[in-house]
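Student: The structure under discussion is supplied below as structure tokens; questions concerning it will follow.
The values are calculated or read from the model by the stated rules, or taken from the named source; none is laboratory data. Just so it is clear, the structure is predicted and the values come from calculations on it, not from any experiment. With ideal geometry, Cβ positions are generated from the backbone for all residues, glycine too; neighbour counts draw on all protein chains shown.
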Amino acid sequence: MPYPLDAAAVRAWCGLALEALGRERERIDAINVYPVADGDTGTNLYLTLESAARAVEAAFDGHASTGTAPRLSDAIGAMAHGALIGARGNSGTILAQLLRGMTEVLTAGDGPDGDGPDGDARDDGPAEALRRALRRAAASTYEAVAHPVEGTVLTVATAAADAAERATGDAATIARAAHDGARTALKATPGQLAVLGRAGVVDAGGCGLVALLGALADALSGEVSAAPVTVRADAPLPEAGGPEATGAGGCAAPDGGGPAFEVIYLLEADDSAVARLRTRLDGLGDSLVVVGGDGLWNVHVHVDDAGAAVEAGIEAGRPYRIRITHFAGTPRTKEPEMAARAVVAVVPGPGLAGLCAEAGATTVSVRPGEPPASGELVQAIRQAHAREVMLLPNDPELRHTAAAAAEQARTEGVRVALIPTRSAVQGIAALAVHEPGRSFDEDVVAMTAAAGATRYAELAVAERQSWTMAGVCQAGDVLGLIDGDVAVIGADLTATAMTVLDRMLSAGGEMVTLVLGADVPDSLGERLERHVRERHLAVDTVVYEGGQYAVPLLIGVE
């Protein structure tokens, strides 16, 4: 029998959708030729929905102590928020916007008794609310994508909304009609987008949406169907010179090359700043999708200058969870060639992310208190798309997480070396000597030796009174940590940094690396560079703007 459109249905929807995308993930990855033929659309959709499902479970856990279930608005809001913060790739970002569009309608119409939506006028009923939610979902994706392209998931979402509006009956019937309409539209996508027609496949993102809508229909009807989604074309191929990829929702002619980097980050910013950001990023690259609202956004773009894309985010607000994937010069063809070797680096700030990406690394950017899970590192290794990968955790707390990720990647046929970097400055040193042309073992030895030869330090501000190896510190004191232990306690950032540098260089050194934090003035780098030049002859200094929020200064001495 049909089930009501309530929080329990949203929970069931998440579970069924994860199962469906789990079954279809590899098939969807295999047909991923647009906007970039990087074979990860199915995986990105699965990981995005996995984040959404975790958020819904957390909403239910939060009500467990009271013995009550969440309201529909709580569950669907959690699902949309989870998708937003966990969105992966172009497809995952659009999925997050689809869910946000549905949420805008279903939360506005959640009845006071929590049994289901009553509509904006509180008299529409669940079926009408679902119709409007699907329509809003489709419309919101066009708003999020800079240059919408037909024959993609946008077209499939619109067809689903059209079919839902034509249908009559309860919410389960509306959902099933939307699913059927989406399936029909998906089969026609090769005739709308030339790159799909040439490959003889349907749109990968649309394929994922069909699986998602099928799970919604199953959750509301109680009738589970595991029929596979059609992935091969059965529509006529487009005429020569027909519609081609020319912008976001995708990018320019996928088989003709394109930007070198995919940049994704969460952004805390107001609406006016995001409007300016859209314009800035649209001029830098393609595949631009910006989704979210209420001060939190997910930004996705393909660019040649990853640093400029991150800097644009810094100007707009506070970017974090930055992911920069290097396409490694791979032509955008149906079967992208794997690179021989790649580097995956965990970095604590946007400036460091841009620096490492420009050196060819795939980066996983982290925010204080939010360390990456092993699954996130595994996905970064997959995105590197190489037979051999050097993994730089750059944090002693991540050694077990990184080891687990490396082991998982090895079971997938990737040869992974875990370079024991304990700080981002050791990661920079290791990356500087990375040479894909030499043997794997020789490269591992060289990178490990470079990291080990780099002593590292950081400056931090004490949050409370505590005992340290250098004595008792008070809240607000500046702490100088050398190789992980507090060695200096001071009252001034610059003076403490100079003391730390002098202690480190007393044992010798030829190169000093300074990585400035997000709130540190540029003058700090200039003063420290002058101090090294005046006090320590024949020692070179290089200064980077790391943008990290956790500590104001990182120091490396080689």
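Student: What residue, among those in segment 362-388 that are among the β-branched types (V, I, T) and touching a Pro at 6+ places or on another chain (Cβ under 7 Å), is surrounded by the most Cβ atoms within 10 Å (Cβ to Cβ)?
Tutor: That would be V364.
Student: List the pairs whose first member sits in segment 388-415 and is among the basic types (K, R), whose second member is surrounded by 20 or more Cβ atoms within 10 Å (Cβ to Cβ) and outside any strand (DSSP E or B), and whose Cβ atoms are under 9 Å apart, counting only residues at least 6 apart or on separate chains?
Tutor: Between residues of segment 388-415 that are among the basic types (K, R) and residues that are surrounded by 20 or more Cβ atoms within 10 Å (Cβ to Cβ) and outside any strand (DSSP E or B), the close pairs are R399/P393; R399/R422; R415/A409.
Student: Where in segment 442-558 are there strands (runs of 3 or more DSSP E), lying wholly inside it, with at least 3 residues that are modelled with pLDDT of 90 or more?
Tutor: Details: elements: 455-461, 466-468, 471-473, 478-482, 485-490, 511-516, 540-545, 553-557.
Ranges flagged: 455-461, 471-473, 478-482, 485-490, 511-516, 540-545, 553-557.
Student: In addition: Could you run through segment 89-108 and say how many residues are free of Cβ contacts under 8 Å to residues at least 24 places away in the same chain and crowded, with 21+ Cβ neighbours inside 10 Å? Quick ask: steps written out before the conclusion?
Tutor: Step one: of segment 89-108, the residues free of Cβ contacts under 8 Å to residues at least 24 places away in the same chain are 108.
Still in the list and also crowded, with 21+ Cβ neighbours inside 10 Å: none.
Of the residues in that region, 0 qualify.
Student: Also, quick follow-up: Does I94 satisfy the criteria of being β-branched (V, I, T), within 23 Å of L288 (Cβ to Cβ) and out of contact with any Phe, Trp or Tyr (no Cβ under 8 Å at 6 or more places or on another chain)?
Tutor: The answer is yes for I94.
Student: Okay, next question. Does segment 26-62 hold any residues that are at pLDDT 90 or above and at positive phi, and which are they?
Tutor: Hits for segment 26-62: nothing passes.
Student: So, in segment 375-421, exactly how many residues are charged (D, E, K, R) and under 21 Å from A357 (Cβ atoms)? Give the derivation first.
Tutor: Applying the first criterion (charged (D, E, K, R)) to segment 375-421 yields 376, 382, 387-388, 395, 397, 399, 407, 410, 412, 415.
From the residues that got through so far, the ones that are under 21 Å from A357 (Cβ atoms) too are 376, 382, 387-388, 395.
Counting residues in segment 375-421 that are charged (D, E, K, R) and under 21 Å from A357 (Cβ atoms) gives 5.
Student: Find the residue count for segment 518-553, including only residues that are in contact with a Gly (Cβ under 7 Å, 6 or more places away or on another chain) and over 29 Å from V366 (Cα atoms).
Tutor: Qualifying residue count for the region: 1.
Student: Now a separate question. Of P420, P368, P350, which residue is modelled with pLDDT under 80 and within 21 Å of L554 (Cβ to Cβ)?
Tutor: Numbers: P420 fails: modelled with pLDDT under 80; P350 fails: modelled with pLDDT under 80.
Going through P420, P368, P350 in turn, the sole match is P368.
Student: Continuing with this model, one more query. If R135 meets every condition in (1) modelled with pLDDT of 90 or more; (2) in contact with a Gly (Cβ under 9 Å, 6 or more places away or on another chain); (3) surrounded by 22 or more Cβ atoms within 10 Å (Cβ to Cβ) apart from one, which number is that one?
Tutor: Among (1) modelled with pLDDT of 90 or more; (2) in contact with a Gly (Cβ under 9 Å, 6 or more places away or on another chain); (3) surrounded by 22 or more Cβ atoms within 10 Å (Cβ to Cβ), R135 violates only (3).
Student: Something else about it: Can you pull out every residue in segment 187-211 that is buried (at least 24 other Cβ atoms within 10 Å of the Cβ) and in a helix (DSSP H, G or I)?
Tutor: Within segment 187-211, T189, P190, V195, L196, A204, G205, G206, C207, G208, L209, V210, A211 qualify.
Student: Something else: If a residue must be at pLDDT 90 or above, out of contact with any helix residue (DSSP H, G or I) (no Cβ under 7 Å at 6 or more places or on another chain) and crowded, with 18+ Cβ neighbours inside 10 Å, how many such residues does segment 139-186 contain?
Tutor: 1
Student: So which of G285, G293 ends up being of a type outside the set (A, V, I, L, M, F, W, C) and either without any contact (Cβ under 8 Å) to a residue 12 or more places away in the chain or on the phi > 0 side of the Ramachandran plot (or both)?
Tutor: G293
Student: Would you check if there is a residue in segment 437-454 being within 27 Å of the chain's Cα centre (by Cα) and surrounded by fewer than 19 Cβ atoms within 10 Å (Cβ to Cβ)?
Tutor: No: zero hits.
Student: For segment 515-529, state whether one or more residues are touching a residue at least 24 places away in the same chain (Cβ under 8 Å), over 33 Å from the mean Cα position of the chain (by Cα) and surrounded by fewer than 17 Cβ atoms within 10 Å (Cβ to Cβ).
Tutor: Initial filter on segment 515-529 (touching a residue at least 24 places away in the same chain (Cβ under 8 Å)): 515-520, 524, 527-528.
Subset that is over 33 Å from the mean Cα position of the chain (by Cα): 527-528.
Now restrict to residues that are surrounded by fewer than 17 Cβ atoms within 10 Å (Cβ to Cβ): 527.
Yes; the residues of segment 515-529 include at least one that is touching a residue at least 24 places away in the same chain (Cβ under 8 Å), over 33 Å from the mean Cα position of the chain (by Cα) and surrounded by fewer than 17 Cβ atoms within 10 Å (Cβ to Cβ).
Student: Taking into account only those residues within segment 34-84 that are of a type outside the set (S, T, N, Q) and touching a strand residue (DSSP E or B) at 6+ places or on another chain (Cβ under 6 Å), which is surrounded by the fewest Cβ atoms within 10 Å (Cβ to Cβ)?
Tutor: Ranking the qualifying residues of segment 34-84, first place goes to R71.
Student: List pairs: first residue in segment 67-88 and not assigned by TED's automatic domain parsing to the domain that holds R25, second residue surrounded by 23 or more Cβ atoms within 10 Å (Cβ to Cβ) and modelled with pLDDT under 85 anywhere in the structure, Cβ distance under 9 angstrom, at least six positions apart or on different chains.
Tutor: none
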